[in-house]
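S.K.: Next up is a structure, given as structure tokens.
The values are calculated or read from the model by the stated rules, or taken from the named source; none is laboratory data. Quick caveat, the model's predicted, so the values are computed rather than measured. Positions of Cβ are backbone-derived with ideal geometry, glycine not excepted, and every protein chain shown enters the neighbour counts.
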């Protein structure tokens with residue numbers, strides 16, 4: 001019986017090791033990702049949005065949600081907050097908002113900033129800042145910075161350093 005169990009464990013480990021295949025398109029996806037970031041960093045937000053939306057349309061990847069978040073951020077950088085909110089909402093599933101408290105606070109806080117609701121942003125920012133894991137430290141900083149620079153445009157406030 002032990003031999004069967006050990007054999008099964010070894011077989012499972014071996015099979016899972018060789019079952020992972022490489023995707024020949026990874027290089028293209030990486031270059032595309034770098035290209036949209038490069039365009040966004042140079043202020044060419046519309047071009048970056050076009051690349052991301054094209055990637056979402058053509059791809060069957062699971063990370064469409066992440067790309068929707070980035071599209072929302074890029075619209076926010078152009079001060080088109082209503083459109084930004086729409087894409088940010090597309091980026092997050094009901095399940096993510098319910099299960100992950102820290103992400104939910106970051107998500108709601110970002111939307112509060114875009115809606116220019118300082119009271120709600122303060123609540124979400126303080127809750128996340130006062131209790132966050134190491135994983136969410138940067139998000140806690142982002143909300144803190146957005147609150148401290150509330151009167152500034154998203155693009156400027158987002159890039160401020162956390163004190």
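S.K.: Please find, among 67, 23, the residue that is loosely packed, with under 13 Cβ neighbours inside 10 Å and either modelled with pLDDT of 65 or more or more than 30 Å from residue 105 (Cα to Cα) (or both).
M.R.: On inspection, the qualifying residue turns out to be 23.
S.K.: Quick test of your reading of the structure: residue 151 fulfils all but one of (1) touching a helix residue (DSSP H, G or I) at 6+ places or on another chain (Cβ under 8 Å); (2) in a loop (DSSP other than H, G, I, E, B); (3) farther than 23 Å from residue 40 by Cβ. Name the failing condition by number.
M.R.: Every listed condition holds for residue 151 apart from (1).
S.K.: Which one of these does residue 64 not meet: (1) in the same structural domain as residue 163 (by TED's automatic domain parsing); (2) under 22 Å from residue 37 (Cβ atoms); (3) free of Cβ contacts under 8 Å to residues at least 12 places away in the same chain?
M.R.: Only one criterion is unmet by residue 64, namely (1).
S.K.: Which of the following residues is farther than 20 Å from residue 49 by Cα and surrounded by fewer than 16 Cβ atoms within 10 Å (Cβ to Cβ): 126, 151?
M.R.: When all the criteria are applied, what remains is 151.
Let's see how each residue does on (1) under 16 Å from the mean Cα position of the chain (by Cα); (2) within 23 Å of residue 41 (Cα to Cα); (3) without any contact (Cβ under 8 Å) to a residue 60 or more places away in the chain:
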{"site": "77", "(1), (2), (3)": "yes, yes, no"}
{"site": "84", "(1), (2), (3)": "yes, yes, no"}
{"site": "93", "(1), (2), (3)": "yes, no, yes"}
{"site": "100", "(1), (2), (3)": "yes, no, yes"}
{"site": "112", "(1), (2), (3)": "no, no, yes"}
{"site": "123", "(1), (2), (3)": "no, no, yes"}
{"site": "134", "(1), (2), (3)": "no, no, yes"}
{"site": "142", "(1), (2), (3)": "yes, yes, yes"}
{"site": "157", "(1), (2), (3)": "no, yes, yes"}
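S.K.: Also, I was wondering about something else. So, in the stretch 60-70, how many residues would count as being assigned to a helix (DSSP H, G or I) and more than 15 Å from residue 158 (Cβ to Cβ)?
M.R.: Total meeting the criteria: 5.
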